[in-house]
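Visitor: Mind having a look at this structure? Questions to follow.
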Amino acid sequence: MDIRFLESLVAVIETGSIAAAARRENLTAPAISQRIQALEKSLCCELLNRGSHSVDPSEQCLALLPKMRNLIQCATELRDGFDTNGLTGDFKLGAISTALTGLLPELMHQLTITAPHLRLRITPGDSRALYEQVVTGELDAGLMVCPPFSVPKSIKMQTLRHEPLMLLTKEPIEQSNINTTILTHPLIRYDSNAWGGQIALQYLHDNDLSPDLLCNLDALDAIYIMVEKGMGVSLVPAWAGLKSGEVFATPVSDSDDYIRQLVLLYKSIPRRPKALDAIKEILKRTAL
């Protein structure tokens, strides 16, 4: 069975027509039809329900589709394995929300220049979930907050950014008035269940502060907007992409206890070592 024939069938299913699949595959429509007919003969079943203006996958085709996709993926990985520079194929990268907006655009831009055939497959998520996916091998690497515990020897980290804790306010304040401001305004709390949010919670505990809580969010961009609208104040790290404008960010302390570390987490024996090295090098230059 020719994997290219399976790719043509999937193209027909995804585009909704043989003509569209032919354009995507850079083939003629008769060539696509011949490939599918060959598959139907080989599998002894009808794969497409053909109408006058469209085609739909048959019930048998839908049942076989996951296995077809798996075969295509395995064949792609096998082809990529023969790439001498290791910079083709898929690299599965997880990223927290602030990395999605603050680091990934430049990373992807630089990769189009240095490794145009390397395809980043991005998985968004919180640090806790991304950590588990790196550990289990579902992801090749993850951009996340440094875990608040010792990681196993099978895992390595590259620190990308040190992000000090800031108080976001609608109006400028003196650093000496930080605690008073927290107590006299509603607090939009950076979710204390998030690893980064635990740093903000620690500051409140260390300074014996019990402000009025407006809400609990693990979404720094949303927190910024709420502060901008004058709804309250918030303790957050100085994340990549934090804008100056209608909101003022005042450092709360010089202590290392209140710094969020953004890291690239990956296996000590990576699946795609050359691709990982290329990504690490770009992040080293651009994540500061």
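Visitor: Is it true that some residue in region 199-218 is open to solvent by 80 Å² or more (accessible area, probe 1.4 Å), under 28 Å from the mean Cα position of the chain (by Cα) and at pLDDT below 95?
Guide: No, region 199-218 contains no residue that is open to solvent by 80 Å² or more (accessible area, probe 1.4 Å), under 28 Å from the mean Cα position of the chain (by Cα) and at pLDDT below 95.
Visitor: Could you identify the single residue in Leu187, Leu143, Leu139 that is over 21 Å from Arg271 (Cβ atoms) and among the hydrophobic types (A, V, I, L, M, F, W, C)?
Guide: Result of the check over Leu187, Leu143, Leu139: Leu187.
Visitor: Right, next: Kindly list, by first and then second residue, each pair from a residue in region 2-18 that is at pLDDT 90 or above to a residue that is in a helix (DSSP H, G or I) and acidic (Asp, Glu), limited to pairs with Cβ atoms under 7 Å and residues at least 6 apart or on different chains.
Guide: Pairs found: Ser8/Glu25; Ala11/Glu25.
Visitor: Does Thr159 qualify as being surrounded by fewer than 15 Cβ atoms within 10 Å (Cβ to Cβ) and under 30 Å from Ile282 (Cβ atoms)?
Guide: yes
Visitor: Inspect all residues belonging to region 262-274 and state whether any of them is surrounded by 13 or more Cβ atoms within 10 Å (Cβ to Cβ), under 25 Å from Ile173 (Cα atoms) and not charged (D, E, K, R).
Guide: no
Visitor: Let me ask something additional. β-branched (Val, Ile, Thr) and in a loop (DSSP other than H, G, I, E, B): does that describe Ile173?
Guide: yes
Visitor: Oh, and also: How many residues, within region 103-130, are in contact (Cβ under 8 Å) with a residue 60 or more places away in the chain, part of a helix (DSSP H, G or I), out of contact with any helix residue (DSSP H, G or I) (no Cβ under 6 Å at 6 or more places or on another chain) and open to solvent by less than 30 Å² (accessible area, probe 1.4 Å)?
Guide: Selection size over region 103-130: 2.
The values are calculated or read from the model by the stated rules, or taken from the named source; none is laboratory data. This one's a predicted model, so the numbers in the text were calculated from it and none came from an experiment. Virtual Cβ from ideal backbone geometry, glycine too; neighbours counted across all protein chains shown. Ligands, DNA and RNA are stripped out before the accessible areas are found, and what is left, the full protein with its side chains, is counted by its heavy atoms. Shrake-Rupley method; radii C 1.70, N 1.55, O 1.52, S 1.80 Å.
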